[in-house]
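See below for the structure under consideration.
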Amino acid sequence: MNLPETGRSVEELLAEVARLKEHDLPVRGGQVTAYVYDTGRAAVHDAAARVYLEMLEVNSLDPTAFPSIVEMERQVVGAVADQLGGGHGIFTSGGTESIMLAVKAARDLMGRARPNLVLPVTAHPAFHKAAHYLGVEVRPVPVDLETFRAAAGGLPIDEDTVLVVASAPSYPQGVVDPVEEIAAAAAAAGVPCHVDACVGGWLLPWLREAGAKVPAFDLSVPGVTSISCDLHKYGYAPKGASVVLFKDPAMRRKAYFASAAWPGYTVINTTVQSSRSAGPLGGAWATLQALGRDGYLELGRTTWEAVRRLRSGISEISGLRVLGEPESALVAFTGDDVFTLADEARARGWFLQPQLSFAGIPANLHITVTGVTLAGVEAMLEVIAESAAAARRRGPAVLPEGLVELVAGLDLEALDDAAFAELAAAVGVDLRPGAGQPELAVVNAILDALPVAHREAVLVRFLSLIYA
Ligand SMILES: *Cc1c(COP(=O)(O)O)cnc(C)c1O
């Protein structure tokens, strides 16, 4: 029985949570270079947590019932708009939801029978998800394999295109697409253009002030019609915080949803979610207020210094190479066997994020540099150098002969979870509870060798197994 017969005390619950979190990656300290964003200032995160709790039970479902959320959202969206060229915004739960709303607004504004989306191959999968959910087809745009920026010439725009996308920056290599050229091409065709600044929107302006060369990318660029900016990334707010801005209020209305088609309460939604906690809004508001302009500027300065140190340091390690010239705080590097390197680093207490090879871009490791990186950047470089040497000694993950062909030829739909678990166990991956951290180099090497559709099918099976 998962539900206790009688209620338990809070002390008991907190003790159990501590036990549950025992094997989690740490969310503070800078040794996890993905997923988490640490300012290094406990007082800021504490302010966010307290205001989050204060707003926890307020329901954003009905803004007329809780005027506090309207005022808070105005302030948060207003701060983002001030920074990113104006516009009319919506506070959402994250980048994925901001992108979902941008694609929905464009689809509904353009009203094409067979809508398509023009998307650089380096753009975030949230666009593929939005396209999938919203019945929009994706038209890929290649990137230059030296700079990793999207090609602005010859975009596959046609009469059914409802949206063209550029990233500022794209996540994989942290480079900014040529936003001015892409937006101009979209405008010339009469098509909206979305800038995905989910990771960069609340970072690039501060890096620019710290001396980074950041090209124009925001709503002030002619032709840009919407932009997304996640506050739960470089805004350092607790998760569940993003903003999507539209140049034109009429386009923002296309993102909204209302329904009176039932006998219950009238539904008016600015977002995909309906009932939702105002906690994340409170957390984002508090983080912005607690850091202020000064705080973000200082974080931008230390972040940029850490990026430059990391880039030059990695380039000096034999066998490793930084991909492109990121003008953001995302650094990707490649080498002979990055998946084994990642496992070696993890054994030393550092998480580096593996990225599979794709569209001519080699497999690599990704580092999200944050406010706390600088303090530990020399230690990080040492671990990368040691891990690279250890990976070289160990050699790449050896896959059983014929395994990739076997997986590629499998009808994964026909396997049940137990059969898939056996297959995973055969390559040394045990996902049963308590089995501990699997060596991921093998998994990544297999995924890397598979075509994209098979990668996706295998990943879904993994998820199903993890939650079995
Ligand atoms: C993180 C990210 C997203 C998606 O954001 P979520 O908050 O994880 O939903 C979209 N685009 C880019 C460039 C990102 O870095």
Suppose we filter segment 56-81 for residues that are in contact (Cβ under 8 Å) with a residue 40 or more places away in the chain and among the hydroxyl-bearing types (Ser, Thr, Tyr); how many remain? 2
Check whether at least one residue in segment 177-198 is surrounded by fewer than 18 Cβ atoms within 10 Å (Cβ to Cβ) and within 12 Å of the ligand (Cβ to nearest atom), and report yes or no. no
I'd like to check something: does segment 155-169 contain any residue that is in a loop (DSSP other than H, G, I, E, B), in contact with a Leu (Cβ under 8 Å, 6 or more places away or on another chain) and of a type in the set (Gly, Ala, Ser)? yes
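Somewhere in segment 361-369, is a residue part of a helix (DSSP H, G or I) and β-branched (Val, Ile, Thr)?
Kept after step one, since they are part of a helix (DSSP H, G or I), are these residues of segment 361-369: none.
Within segment 361-369, not a single residue is part of a helix (DSSP H, G or I) and β-branched (Val, Ile, Thr).
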Yes or no: VAL77 of a type in the set (Val, Ile, Thr) and either touching an Asp or Glu at 6+ places or on another chain (Cβ under 8 Å) or more than 16 Å from the ligand (Cβ to nearest atom) (or both)? yes
Hey, PRO172 touching a residue at least 60 places away in the same chain (Cβ under 8 Å), over 25 Å from GLU298 (Cβ atoms) and not assigned by TED's automatic domain parsing to the domain that holds ARG309 or not: yes
Residue by residue through segment 1-29, note down the ones that are modelled with pLDDT of 95 or more, small (Gly, Ala, Ser) and either touching a Ser or Thr at 6+ places or on another chain (Cβ under 7 Å) or closer than 30 Å to PRO354 by Cβ (or both). ALA18
Only one of (1) part of a helix (DSSP H, G or I); (2) out of contact with any Pro (no Cβ under 8 Å at 6 or more places or on another chain); (3) surrounded by fewer than 24 Cβ atoms within 10 Å (Cβ to Cβ); (4) in the same structural domain as THR122 (by TED's automatic domain parsing) fails for THR302. Which number is that? (4)
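Restricting attention to segment 140-157, does a residue exist that is among the small types (Gly, Ala, Ser), touching a residue at least 40 places away in the same chain (Cβ under 8 Å) and within 13 Å of the ligand (Cβ to nearest atom)? Outline the logic, then answer.
Of segment 140-157, the ones among the small types (Gly, Ala, Ser) are 150-154.
Next, from what is left, pick out any that are touching a residue at least 40 places away in the same chain (Cβ under 8 Å): none.
No, segment 140-157 contains no residue that is among the small types (Gly, Ala, Ser), touching a residue at least 40 places away in the same chain (Cβ under 8 Å) and within 13 Å of the ligand (Cβ to nearest atom).
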What's the number of the only condition in (1) in contact with a helix residue (DSSP H, G or I) (Cβ under 8 Å, 6 or more places away or on another chain); (2) crowded, with 17+ Cβ neighbours inside 10 Å; (3) assigned by TED's automatic domain parsing to the domain that holds ASP230 that THR39 fails to meet? (3)
Give just the number: which of (1) modelled with pLDDT of 95 or more; (2) within 16 Å of the ligand (Cβ to nearest atom) does VAL32 not satisfy? (1)
By residue number, the members of segment 311-333 that are crowded, with 18+ Cβ neighbours inside 10 Å and either outside any loop (DSSP other than H, G, I, E, B) or of a type in the set (Lys, Arg) (or both) are GLY313, ILE314, VAL322, LEU330, VAL331, ALA332, PHE333
Look at segment 205-239 and say how many of its residues are crowded, with 22+ Cβ neighbours inside 10 Å, within 16 Å of the ligand (Cβ to nearest atom) and more than 23 Å from ASP294 (Cβ to Cβ). 5
Looking only at residues in segment 80-92 that are crowded, with 20+ Cβ neighbours inside 10 Å and not in a helix (DSSP H, G or I), which one is nearest to the ligand (Cβ to nearest atom)? THR92
Within segment 425-438, does at least one residue satisfy the condition of being at pLDDT below 85, under 20 Å from ASP343 (Cβ atoms) and part of a helix (DSSP H, G or I)? yes
When only residues in segment 103-134 that are in a loop (DSSP other than H, G, I, E, B) and closer than 20 Å to VAL224 by Cβ count, which is farthest from the ligand (Cβ to nearest atom)? PRO115
Anything in segment 356-393 that is of a type in the set (Ser, Thr, Tyr) and surrounded by fewer than 17 Cβ atoms within 10 Å (Cβ to Cβ)? List them, or say none. SER357
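The values are calculated or read from the model by the stated rules, or taken from the named source; none is laboratory data. Only a predicted model underlies this, so the values are computations on that prediction, with no experimental measurement involved. Using ideal geometry, Cβ is built from the backbone for each residue, glycine included, and neighbour counts are taken over all protein chains shown.
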